[in-house]
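The values are calculated or read from the model by the stated rules, or taken from the named source; none is laboratory data. Please read all numbers here as calculations on a predicted model, not as lab measurements. Cβ: placed from backbone, ideal geometry, glycine included. Neighbour counts: every protein chain shown. Accessible surface is based on the protein model in full, side chains and every heavy atom, while ligands, DNA and RNA are left aside. Shrake-Rupley method; radii C 1.70, N 1.55, O 1.52, S 1.80 Å.
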Amino acid sequence: MVFGVFNLSAQHWIDAGISHSFADKNLNVKLSMNDVFNTHHFRNTVIFGNDNLIALVNAETQVARLTLTYNFGNDKIRSREHQTGAEDTKGRVKGAN
């Protein structure tokens, strides 16, 4: 990609993850990793007049995450239908249905 005087190289990487539920779907375990093959490199070239600049960046992009989530409480409880004051007022106004 050309952006002004910058010529930016293509960037590519692969992220992956897996998850599984336990204990009646109350416990969720997720494992994910960014940049699995360590291919997220950045090359930036600047050609301006007689100056040729090349920047090669290899940042720490490989990150692994382990996430544990537990749902507490009773999932069988249904939420109540809430009424606003508008429904109450609507019934008292003349000509209301």
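When the range 40-75 is filtered for residues that are assigned to a loop (DSSP other than H, G, I, E, B) and of a type in the set (Val, Ile, Thr), only Thr61 remains. Here is the figure for the range 1-28: residues that are open to solvent by less than 70 Å² (accessible area, probe 1.4 Å), more than 19 Å from His40 (Cβ to Cβ) and either within 17 Å of the chain's Cα centre (by Cα) or of a type in the set (Ser, Thr, Tyr) (or both) total 1.
Against the list (1) modelled with pLDDT of 90 or more; (2) open to solvent by 70 Å² or more (accessible area, probe 1.4 Å); (3) not basic (Lys, Arg), the condition Val63 fails is (2). For Lys25, the stated conditions hold: it is of a type outside the set (S, T, N, Q) and either at pLDDT below 85 or in a loop (DSSP other than H, G, I, E, B) (or both).
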